[in-house]
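Inspection log for the structure reproduced underneath, given as structure tokens.
The values are calculated or read from the model by the stated rules, or taken from the named source; none is laboratory data. Here the structure is a predicted model, which means the values were calculated and not measured. Because the Cβ atoms are built from the backbone with ideal geometry, glycine has one as well, and the counts that use them run over all protein chains shown.
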Amino acid sequence: MNIHEYQAKELLQTYGVPVPIGSVAFNATQAGQAAEEIGGSRWVVKAQIHAGGRGKAGGVKVVDNLDDVRKAADTMIGTRLVTHQTGPEGSVVQRVWIEQASSIQKEFYLGFVIDRGTQRITLIGSSEGGMDIEEVANKTPEKIITEVIDPAIGLRDFQCRKVATAIGLKGKLMPQAVKVMKAIYRCMRDKDALQAEINPLAVVGSNDGEKLMVLDAKFNFDDNALYRQKTITEMRDLAEEDPKEVEASGHGLNYIALDGNIGCIVNGAGLAMASLDAITLHGGQPANFLDVGGGASPEKVTNACRIVLEDPNVKCILVNIFAGINRCDWIAKGLIQACESLKIQVPLIVRLAGTNVDEGRKILAESGLAFITAENLDAAAAKAVAIVKE
Amino acid sequence: MSVFVNKHSKVIFQGFTGEHATFHAQDAMSIGTNVVGGVTPGKGGTTHLGLPVFDTVAEAVAATGADVSAVFVPPPFNVDALMEAIDAGIKVAITIADGIPIYDMIRLQRYRIGKDAIIIGPNTPGIITPGECKVGIMPSHIYKKGNIGIVSRSGTLNYEATEQMADLGLGITTSVGIGGDPVNGTDFVTVLRAFEEDPETEVVVMIGEIGGPQEVAAARWAKENMSKPLIGFVAGVAAPPGRRMGHAGAIISSEADTASAKMDAMEKLGHFVARNPAHIGETVLRAMKERGIAVK
């Protein structure tokens, strides 16, 4: 689960991490009031969507009067912002974050990720703040330092000092850097975050000298741990998620929309991916990924068919079930129920295997409905592709 | 022979009296698995399926000599149950659950250091040595005895590959599902090493998917350390980047994470690769013919 930048900043602030003074606004009037309350003479208006790359797409504006704050907010709210992370369909801006503009002297990068090699959290630091970190890693890997964190011992001060020195946070800034790194780690661990990215962490000029400040923050949380993270769960913004994916997950289905025209209903994530691969290898294009999971009841199968068919591009549905804890007879009954209740017009190509396969096939054959059956994955994919190419 | 579990394994079920554990314990026993009892805290002293129930794993181990545990405990309590199994001296613990918080797994991996236990899973169908021992939820009837070791991240794709092989008369020694989570108890290399050391396993099939460096690391290890042929397949050629494809671990975050990049790397290292998920069985057969290995 992702959260907005402003939510990440508010969260970090509770851990003592310095962030600019700011406020969220849902319309131009609120934006003006927010800027007035924040005070100062320069503000940054930032569109709040879950994707990065907002600056280049026009989602970040620095302004120096209240009229321009309102204008910037008015332009952004309701617009579809297209960045390299949103995909071509973009994401509609529902709210903006107004904050006091900082006088930035230098920018750094801090990231905390779960490293799959060591199976531990790794702190990544770089002197190249404000840049795309993947690009930095590819072009100038020497500008990146990593430090693996032992979960039983936690992030130690000396590790933070090591990272700070390597990226150039020296002298008076070093103790601040140590404090910031440790606080972010603590926040991440407490809240079951999979990823925390601070880009940039900036040195800003203030009345009392140079100061470190988090100017942008991105968090991603473990869906499997949301049951114990009430405050994080409350930050969920469903408007940022694909409504069909949200609906599917409500039915215990894992659905991801794709661009093709062959609908897919499969059990198990691996087999579902392999089914998309088989379709692609036969020259077809899958319309979606859908994992019905284990214990697929007739209701679940019906819901799966309905969600897949909501995509107007779908010309046929490939059902590929290899039953372990599932049962082919339940799937077959579910498909018949779906055909009858949804009045399905597109061809259904069905491949059943595993637990109770003979009963499942018998139920389909005796239904009198026009299922196209296939003995194996290859035949099923070939038949589906042949149908859409007719 | 086989890896991790066999006819001598003494199996207990943690969360024994639950619905799923009951069903799968019965199924395991029906193929000859030596289930010796189970654990459900609060129900110690009773019997279930004609077997003793204990409050703790330590008591179960002391009374039955159990060395393998099937952990059928819900995700919020699963890692605690795994730690209890390790603490009680269980040698192989298999955890089926999908949905364990990743920090719990990170802590488990730390807790395990210096302790001699194999953890299979989470988010796996489990492990099966046909005709001897099944600890998991896979459809046992598709697994026939033979000389091929199979290891996979995905459950249903493991079934798919197994059936393709069975249709060609190819059987297996042991099937190990390491699971679809990004932090898991056993990696590919551990399983490959066990297959390499197992005298009955003559061929090894490794089925991976998008996300993470595991498959390539294992393929590299195999080139240096394995005498037996390795056949690989990686699911997700058609997967878009940045999207989590069902499994928590299946997400493309860099070029090296893609299915094609992984299969290219495997091929470059000299392993057999099935580029089409429907051709895993025939690729195994071709590898066996090329290497002069008898079909069993």
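Quick notes
- Hits in region B:57-96 (condition: buried (at least 24 other Cβ atoms within 10 Å of the Cβ), among the small types (Gly, Ala, Ser) and not in a strand (DSSP E or B)): B:ALA60, B:ALA66, B:ALA85
- Filtering A:GLY168, A:GLY209 for residues that are on the phi > 0 side of the Ramachandran plot, touching a residue at least 40 places away in the same chain (Cβ under 8 Å) and not hydrophobic (A, V, I, L, M, F, W, C) leaves a single hit, A:GLY168.
- You will find that of A:GLY252, A:GLY260, the residue that is assigned by TED's automatic domain parsing to the domain that holds A:ASN288 and at positive phi is A:GLY252 and no other.
- Selected residue (only one of A:ALA8, A:ALA51, A:ALA47 is touching a strand residue (DSSP E or B) at 6+ places or on another chain (Cβ under 8 Å), within 20 Å of A:VAL204 (Cα to Cα) and touching a residue at least 40 places away in the same chain (Cβ under 8 Å)): A:ALA8
- Looking at A:GLY111, A:GLY129, A:GLY125, just one residue is closer than 16 Å to A:ILE167 by Cα and within 13 Å of chain B (Cβ to nearest Cβ), and that residue is A:GLY111.
- Enumeration of residues in region B:165-183 that are more than 9 Å from chain A (Cβ to nearest Cβ), over 13 Å from the mean Cα position of the chain (by Cα) and among the hydrophobic types (A, V, I, L, M, F, W, C): B:MET165, B:ALA166, B:LEU168, B:LEU170, B:ILE172
- Among the residues of region A:102-120, just one is in contact with a Pro (Cβ under 8 Å, 6 or more places away or on another chain), outside any strand (DSSP E or B) and touching a residue at least 24 places away in the same chain (Cβ under 8 Å), namely A:SER102.
- Leading residue by the ranking (nearest to A:MET131 (Cα to Cα)) among those in region A:92-112 that are of a type in the set (S, T, N, Q) and touching a helix residue (DSSP H, G or I) at 6+ places or on another chain (Cβ under 7 Å): A:GLN100
- Hits in region B:165-191 (condition: assigned to a helix (DSSP H, G or I) and crowded, with 24+ Cβ neighbours inside 10 Å): B:MET165, B:PHE188, B:VAL191
Residues are listed down the side, and each one gets a yes or a no for (1) farther than 23 Å from A:ASN254 by Cβ; (2) outside any loop (DSSP other than H, G, I, E, B); (3) modelled with pLDDT of 90 or more; (4) within 22 Å of the chain's Cα centre (by Cα):
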{"site": "B:VAL234", "(1), (2), (3), (4)": "no, yes, yes, yes"}
{"site": "B:GLY249", "(1), (2), (3), (4)": "no, no, no, yes"}
{"site": "B:ALA261", "(1), (2), (3), (4)": "yes, yes, yes, no"}
{"site": "B:THR283", "(1), (2), (3), (4)": "yes, yes, yes, yes"}
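- Residue that is of a type outside the set (S, T, N, Q) and touching a residue at least 60 places away in the same chain (Cβ under 8 Å), where the choices are A:VAL82, A:VAL63, A:VAL69, A:VAL92: A:VAL92
- Identity of the residue in region A:1-23, surrounded by fewer than 20 Cβ atoms within 10 Å (Cβ to Cβ) and over 21 Å from A:SER103 (Cβ atoms), that ends up farthest from the chain's Cα centre (by Cα): A:GLY16
- Which listed residue, of B:GLY169, B:GLY99, B:GLY131, B:GLY136, is on the phi > 0 side of the Ramachandran plot and either assigned by TED's automatic domain parsing to the domain that holds B:THR56 or aromatic (Phe, Trp, Tyr) (or both): B:GLY99
- Top-ranked residue of region B:235-250 - restricted to ones that are more than 7 Å from chain A (Cβ to nearest Cβ) and in contact with a Ser or Thr (Cβ under 8 Å, 6 or more places away or on another chain), ranked as farthest from B:ALA261 (Cα to Cα): B:GLY242
- Residue in region B:154-161 that is part of a helix (DSSP H, G or I), more than 17 Å from B:GLY126 (Cα to Cα) and either at pLDDT 95 or above or not small (Gly, Ala, Ser) (or both) present: no
A quick yes/no check of all residues on (1) surrounded by 24 or more Cβ atoms within 10 Å (Cβ to Cβ); (2) at the interface with chain A (Cβ under 8 Å from one of its Cβ atoms); (3) of a type in the set (D, E, K, R); (4) not in a strand (DSSP E or B):
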{"residue": "B:ARG107", "(1), (2), (3), (4)": "no, yes, yes, yes"}
{"residue": "B:ARG110", "(1), (2), (3), (4)": "no, yes, yes, yes"}
{"residue": "B:ASP116", "(1), (2), (3), (4)": "no, no, yes, yes"}
{"residue": "B:GLY131", "(1), (2), (3), (4)": "no, no, no, yes"}
{"residue": "B:VAL151", "(1), (2), (3), (4)": "yes, no, no, no"}
{"residue": "B:GLU163", "(1), (2), (3), (4)": "no, yes, yes, yes"}
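- Condition met for B:SER227 (more than 9 Å from chain A (Cβ to nearest Cβ), outside any helix (DSSP H, G or I) and surrounded by fewer than 18 Cβ atoms within 10 Å (Cβ to Cβ)): yes
- Residue match in region A:28-38 (condition: in contact (Cβ under 8 Å) with a residue 60 or more places away in the chain, assigned by TED's automatic domain parsing to the domain that holds A:MET235 and over 25 Å from A:MET1 (Cα atoms)): no
- Residue within region B:195-209 that is within 18 Å of B:GLY270 (Cα to Cα), surrounded by fewer than 19 Cβ atoms within 10 Å (Cβ to Cβ) and out of contact with any strand residue (DSSP E or B) (no Cβ under 7 Å at 6 or more places or on another chain) present: yes
- Residue that is surrounded by the fewest Cβ atoms within 10 Å (Cβ to Cβ), among those in region A:307-329 that are part of a helix (DSSP H, G or I) and modelled with pLDDT under 95: A:ASP329
- The residue pairs whose first member lies in region A:265-293 and is more than 7 Å from every other protein chain (Cβ to nearest Cβ), whose second member is of a type in the set (Ser, Thr, Tyr), and whose beta carbons are closer than 8 Å, counting only pairs six or more residues apart or on different chains, are A:VAL266/A:SER275; A:VAL266/B:THR156; A:ASN288/A:TYR255; A:LEU290/A:TYR255.
- Residues located in region B:268-296, provided they are under 18 Å from B:SER152 (Cα atoms) and either in contact with a strand residue (DSSP E or B) (Cβ under 6 Å, 6 or more places away or on another chain) or at the interface with another protein chain (Cβ under 8 Å from one of its Cβ atoms) (or both): B:HIS271, B:PHE272, B:VAL273, B:ALA274, B:ARG275, B:ASN276, B:PRO277, B:ALA278, B:HIS279, B:ILE280, B:THR283, B:VAL284
- In region A:340-366, the residues that are assigned to a helix (DSSP H, G or I) and surrounded by fewer than 18 Cβ atoms within 10 Å (Cβ to Cβ): A:GLU340, A:SER341, A:LEU342, A:ASP358, A:GLU359, A:LYS362, A:ALA365, A:GLU366
- Just one of the listed residues (A:ALA196, A:ALA183, A:ALA225, A:ALA177) is assigned to a helix (DSSP H, G or I), over 27 Å from A:GLY40 (Cβ atoms) and either touching a Gly at 6+ places or on another chain (Cβ under 9 Å) or assigned by TED's automatic domain parsing to the domain that holds A:ALA164 (or both), namely A:ALA225.
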